[in-house]
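The values are calculated or read from the model by the stated rules, or taken from the named source; none is laboratory data. Remember, predicted model here, so these are calculated numbers, not experimental data. Glycine gets a Cβ as well: all are built from the backbone with ideal geometry, and neighbour counts include every protein chain shown. The area values use the complete protein model at the heavy-atom level, side chains included, leaving out ligands, DNA and RNA. Shrake-Rupley method; radii C 1.70, N 1.55, O 1.52, S 1.80 Å.
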Amino acid sequence: MALKDIKILLRDRGSLVMSFVVPVAFILALSLPTLAASSGSDAILIPLVNRAQGDPLADEFIAALGDTGGLDVQVIEAERANALLREGDIRWLVELPEDFGRMGLDHQVTVRLIAHPDARPTTLESIERVLTGVAKGMAVNHQLLAAFEQLDVMMDAAPAEYRVFTSETYIAQARSQMENSRSRPLVSVSETQALRAGRELEFGATNLTVPGFAVLFVFLTAQSTALSIVQEKRAGTFRRILASPLSRSSLLLGKLIPNFILCLLQVVFVFAVAILVLPLLGLDRLSLGYDPFALLLTTVLVALCSTGLGLFIAGIAQTPTQAGALSSVVLWVLGALGGAFYPTFLMSGPLQTISSLTPHAWALRAYNTLLVYGGGLADVLPELAILAGIGVAFAAIGTWRFSFE
Amino acid sequence: MPPILEVSDLVRKYGDFAAVDGVSFTMQEGEVFGLLGPNGAGKTTVISVLTGVLPPTSGTARIGGHDIVREQAAAKRLNGLVPQDLALYPTLSARDNLEFFGRIYGLSGAELRGRVDAMLDLVGLEDRADDPIERYSGGMKRRANIAAGLLHQPRLLFLDEPTVGVDPQSRHHIFESVRRLNQERGMSILYTSHYMEEVELLCDRVAIMDQGRIIAIDTVKSLVSMLAGVIHVGLRKADEELLRALAALPTVNSAVDAPRPLRSSLPDDEAGDGPVAPPADYQMVKLEAGDVQRSLVDVIALLGQKGIEIVSLQVLEPNLENVFLHLTGKRLRE
Ligand SMILES: Nc1ncnc2c1ncn2[C@@H]1O[C@H](COP(=O)(O)OP(=O)(O)OP(=O)(O)O)[C@@H](O)[C@H]1O
Ligand SMILES: [Mg+2]
């Protein structure tokens, strides 16, 4: 069964091109612009949690950070931010404390820069420098204001005949505040490490984009899985097979195995191109992380999940046209939602929830953990379990809905 | 020996519509059995149920003593299916197709290769065995289609309209293959068709099917003998006395005056050898006879005795087509 389908597949140049050449074309088309952009000024993404929500000072601080030009500040919710950081989907996080707005002579506030262990130290250092710079600038302004307010209070409290302050008094006051801010800053930046074991990994944009497209296209292969089942069902050959003593489950399995193998080969091919060809074009070389077994297992589960999805579509669609239409829509939408084009951590809250319903999102999280953050098998077990679950669920519904008549 | 196939009150419905509506018949081992019926009669549906492609709605059937539902695997191993529609992978070669269909019956290795070669040889496709099926002619595709149902050497072969859309050469080849399979290997064959000539030529017994039911089942000969043959004789002179004398012949059932037949009023395949430019002054007599050949001898003898000149002679032998027309009031092919 399987061997025959592979032979049929090999005769079908069009689908081979679709399966292997198109993904690579996509990666190249989408990586080249990033290459051009990254050679220019590339803003560093700064996820920021604002615990002093609504405070004008906090807003001012955020605006000031954005104005520096080198940073792209994204305000996100605390819980999500921590989760992302824990998962390693982001590598650092800036947190403004609740009491940020109450910064003053008698109240020092601390802005925290929380770093993932895998964050590049050089990048962290520059972020910290920018944060400190902005904080200082703001604190000085703020301290001066505070000082003048103090003078006003003193003036109000003093008897009328003493309410004479010369310019010297102001300058003296300001100077002492400056000294003050240097020795005892109103805003300090503290750097903490998020709790997670990991290793530093050298990687470039390739490690983020390539798995995205590998996942997108492996799941697109679910379409050819579905089509090969539905088409065989419509062709007379299905009757012949049904008339043979071959059991119905081995019939389905025979249809699924070649597509499963095709999925595996797609990943291998895409990764191979990313390792061997991209460097020749001046792009980053794909790094395979530290845990080849976990990578293999992830790939196997992604392929299984795609095959299950194909069976699911075959169980629902009645005709090849339906299967084709259904799978194009479902697979591209799932791919987009699942973060194959656009990282999920940049999506809004509700969209992110929807995203986590797609197998793509879980597949990408596993690949990111392995390839971007240098995680190992233990780190991706939950993702793999969920992928397996989704795959089994798809396959079960597909088999249940599948009519042999 | 137990019958190779016993079908008993088989029903198969699509929704409320009974495509097969209580079919029963038995086939003996080594028999070539014809299932004759017009489009939509339910022939293919009968075969689908018997081969386990569709479950029956009710009724039972046994192949070689194995119930087709309860002992499906055993029943399936005994039969082979050659579907009505081409059932091959068009981009693969005949050899690849055959190897695949052999493999799903559990064949492998040298045995598989041997059988594939033997079948390619049987249907005469050895030369083109490695070309993709899509480059074959219609007749070659049909032949490959037949070969694919034979690899596991079934004892009972279902051939569903194997000659539809086939050129005379391939048709002849297919008939030859069917004969050889039956005679050399003793294979039992259930052959469906709406070409009565094929069934008359190949089959021992025939079931005539219409609207999901079998309306007649017997040997071709007995079915045909249900109907009388017709002899039209054109005579110089035919009076009442002559008609009485003709009707009195033991081999003639009736003799009546008939209007001169218009050639165009007869269907082509019934026309036979029509009268050749009959003179204007003659009379037509229509005779009905059970055994046309024998009555013809008697009729010609009688007319010779009486010195009456025969101007024209036309014989309409009964055939399955007429039997079908007689039974259903419909033609086999519209
Ligand atoms: N899948 C189906 N769903 C509904 N009705 C069907 C289905 N398959 C066949 N039929 C109907 O069942 C009846 C019998 O069809 P079947 O194919 O058995 O006829 P047949 O005798 O083989 O005709 P033909 O000589 O054209 O091959 C027809 O009326 C057909 O329309
Ligand atoms: Mg049919």
Strands (runs of 3 or more DSSP E) lying entirely in the stretch B:21-84 (those with 3 or more residues that are away from every other protein chain (no Cβ under 12 Å)): B:32-36, B:58-63
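For every residue, the table says whether it meets (1) over 22 Å from the mean Cα position of the chain (by Cα); (2) within 14 Å of chain B (Cβ to nearest Cβ); (3) surrounded by 24 or more Cβ atoms within 10 Å (Cβ to Cβ).
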site: A:GLY212; (1), (2), (3): no, no, yes
site: A:VAL215; (1), (2), (3): no, no, yes
site: A:THR221; (1), (2), (3): yes, no, yes
site: A:ARG248; (1), (2), (3): yes, yes, no
site: A:PHE269; (1), (2), (3): yes, no, no
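So if I check each of B:VAL69, B:VAL23, which one is of a type in the set (A, V, I, L, M) and open to solvent by 50 Å² or more (accessible area, probe 1.4 Å)? Quick ask: steps written out before the conclusion?
On the way: B:VAL23 fails: open to solvent by 50 Å² or more (accessible area, probe 1.4 Å).
The conditions single out B:VAL69.
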Members of the stretch B:11-45 found to be within 16 Å of ligand 2 (Cβ to nearest atom) and in contact with a helix residue (DSSP H, G or I) (Cβ under 7 Å, 6 or more places away or on another chain), listed by number: B:ARG12, B:ALA19, B:VAL20, B:VAL23, B:GLY34, B:LEU35, B:LEU36, B:GLY37
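Those residues that are within 23 Å of B:ILE174 (Cα to Cα), surrounded by 16 or more Cβ atoms within 10 Å (Cβ to Cβ) and facing another protein chain (nearest Cβ under 7 Å), I need them from the stretch B:85-113; list them, please.
First, the residues of the stretch B:85-113 that are within 23 Å of B:ILE174 (Cα to Cα): B:85-90, B:92-102, B:112-113.
After this cut, where a residue has to be surrounded by 16 or more Cβ atoms within 10 Å (Cβ to Cβ) as well, the list is B:86-90, B:92-102, B:112.
Residues satisfying the conditions are B:LEU86, B:ALA87, B:LEU88, B:TYR89, B:LEU92, B:ASP96, B:PHE100, B:PHE101.
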Quick one: is B:ALA75 in the same structural domain as B:GLY186 (by TED's automatic domain parsing), touching a His at 6+ places or on another chain (Cβ under 8 Å) and away from ligand 2 (no atom under 16 Å from the Cβ)? yes
Mind checking which residues of the stretch B:157-195 are within 13 Å of ligand 1 (Cβ to nearest atom), within 14 Å of another protein chain (Cβ to nearest Cβ) and open to solvent by less than 20 Å² (accessible area, probe 1.4 Å)? B:PHE158, B:LEU159, B:ASP160, B:GLU161, B:PRO162, B:LEU190
What do you reckon, is B:ALA148 away from every other protein chain (no Cβ under 14 Å) and either free of Cβ contacts under 8 Å to residues at least 24 places away in the same chain or away from ligand 2 (no atom under 16 Å from the Cβ) (or both)? no
Residue that is nearest to B:LEU325 (Cα to Cα), among those in the stretch B:46-68 that are in contact (Cβ under 8 Å) with a residue 40 or more places away in the chain and within 16 Å of ligand 2 (Cβ to nearest atom): B:VAL46
